[in-house]
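First up is the structure itself, then whatever we jot down about it.
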Amino acid sequence: MSETGPDDVRRRISLRTARMEALSDGIFAIAATLLVLDLTVPAVTEDVGHQLAEQWPTYIAYLVSFATIGNAWLNHSVITQYLDRADAILLRLNLVLLFFVSVLPFPTHMLAEYRSNDGAERIAVTVYGLNLLAISAFIAIVWHYALRQRLVTKDNSEDDVRALTAKLNPSLVSYAIVIGLGLWQPKIAVILYLVIALFMIIPFRSILREARRRRRS
């Protein structure tokens with residue numbers, strides 16, 4: 001009976017993590033690409049500009065969905081960079097995250113179809129918000145589980161770990177508040193989802209840090 005050496009163990013762990021990252025990148029890319037199918041070209045008339053303007057909720061929903069997927073991918077990429085190894089539960093939590101990412105084009109399409117009916121629009125915005133909340137929640141769950149089970153590399157500084165944790169948690173509260181608002185003001189909720197997405201995806205801290213550095217120099 002042959003013994004498994006340390007090199008074999010490291011290779012197995014590396015393959016498991018690499019396959020998780022490869023599957024995740026593929027689903028993120030496909031989901032982001034499918035979003036563009038909801039951007040319809042209006043019929044050729046004398047009022048094309050007005051027809052395009054009427055589709056503004058669809059454009060905002062596309063921006064929010066794309067920014068949300070982009071931000072989830074960025075956070076997922078950072079998390080996987082911190083990972084030293086994966087276990088069976090982490091892989092399954094990652095699959096749940098990918099499920100919510102892959103289904104995001106569906107509520108985005110609902111927003112495009114139901115924007116002319118107030119009752120249907122409220123339902124669409126609520127489903128949409130719950131999907132965004134689920135993506136944000138499972139990104140945080142994957143990270144916290146990895147920390148709790150000590151699946152991250154030991155050479156990470158505590159400041160970096162705390163910074164990433166602080167970045168992931170606040171979005172959950174923001175989404176929950178806007179979901180409640182969307183029951184009364186669905187269009188305002190969609191705009192606020194865009195604000196949340198832009199706030200999360202734009203590296204304000206890095207920009208401010210670079211601006212301060214240039215002022216000093």
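The values are calculated or read from the model by the stated rules, or taken from the named source; none is laboratory data. Bear in mind the structure is a predicted one, so any value in this text is a computation, not a measurement. Every residue, glycine among them, receives a Cβ derived from its backbone with ideal geometry; neighbour counts consider all protein chains shown. Note: accessible area is taken over every heavy atom of the protein model, side chains too, but ligands, DNA and RNA are not part of it. Shrake-Rupley method; radii C 1.70, N 1.55, O 1.52, S 1.80 Å.
For labels at His144 and Val195 in the simple 7 Å Cα→Cβ model, what's the distance in nm?
Output for this residue pair reads 2.6 nm.
Quick one: accessible surface of Arg115, probe radius 1.4 Å, all protein chains present, in square angstrom to the nearest 10.
Approximately 70 Å² of Arg115 is accessible to the 1.4 Å probe.
Largest first, what is the accessible-area ranking of Glu158, Glu113, Glu121 with a 1.4 Å probe?
Glu158, Glu113, Glu121
Determine, for each peptide in 40-52, 17-29, the mean count of other beta carbons within 10 angstrom over its residues, then list the peptides with the highest first.
Result, highest mean Cβ count within 10 Å first: 17-29, 40-52.
Taking a ≥ b ≥ c as the square roots of the eigenvalues of the Cα gyration tensor of the range 36-155, is the shape rounded (a/c under 1.5), prolate (a/b larger than b/c) or oblate?
Prolate is the answer for the range 36-155, as a/c is 1.5 or above and a/b outweighs b/c.
Asp118: accessible area at probe 1.4 Å, nearest 10 Å²?
Counting only protein heavy atoms, the figure is 100 Å².
By how many degrees, 0 to 90 and rounded to 10, does the Cα axis of helix 158-168 deviate from the longest principal axis of the chain?
Once rounded, the angle reads 30 degrees.
Accessible area per residue for the chain in Å², computed with a 1.4 Å probe and the full protein assembly in place, what is it?
Normalised by residue count, the accessible surface of the chain is 60 Å².
Keeping all protein chains in place and using 1.4 angstrom, which order do Ser171, Ser116 fall into by accessible surface area, from largest down? Numbers along the way, then the final one.
Details: Ser171 10, Ser116 110 Å².
The ranking, largest first, comes out as Ser116, Ser171.
On a 0 to 90° scale, report how tilted helix 170-182 is relative to the longest principal axis of the chain, with both axes built from alpha carbons and the result rounded to the nearest 10.
The angle comes out at about 20 degrees.
So I have [x] 23, 20, 19; [y] 39, 18, 15; [z] 37, 21, 16, and one of them is semi-axes √(5λ) of the Cα gyration tensor in Å calculated from this model. Which one is it?
Structure-derived value, by its label: [z].
In whole Å, what is the distance between the alpha-carbon centres of the range 150-210 and the range 91-129?
19
Between Ala120 and Ala176, what is the spin-label point distance in nm, taking each point 7 Å from the Cα along the Cα→C-beta axis?
With each label point 7 Å from Cα toward Cβ, the separation is 3.2 nm.
Counting each DSSP H run of 4 or more residues in the chain as -39500 (n - 2.57), what helix-only mean residue ellipticity at 222 nm follows after dividing by all residues, to the nearest 500 deg cm²/dmol?
Helix contribution divided over all residues of the chain: -27000 deg cm²/dmol.
Please arrange Lys154, Lys187, Lys167 by accessible surface area, largest first, computed with a 1.4 Å probe and ligands excluded.
Ranked list, largest accessible area first: Lys154, Lys167, Lys187.
Please give the length that would be gained between Leu23 and Arg213 if that part of the chain were fully extended, namely 0.36 nm times their separation in residues minus their C-alpha to C-alpha distance (nm, one decimal).
64.5 nm
Between the helical axis of 186-201 and the dominant principal axis of the chain, each derived from Cα atoms, what acute angle in degrees is found, rounded to the nearest 10?
That works out to roughly 30 degrees.
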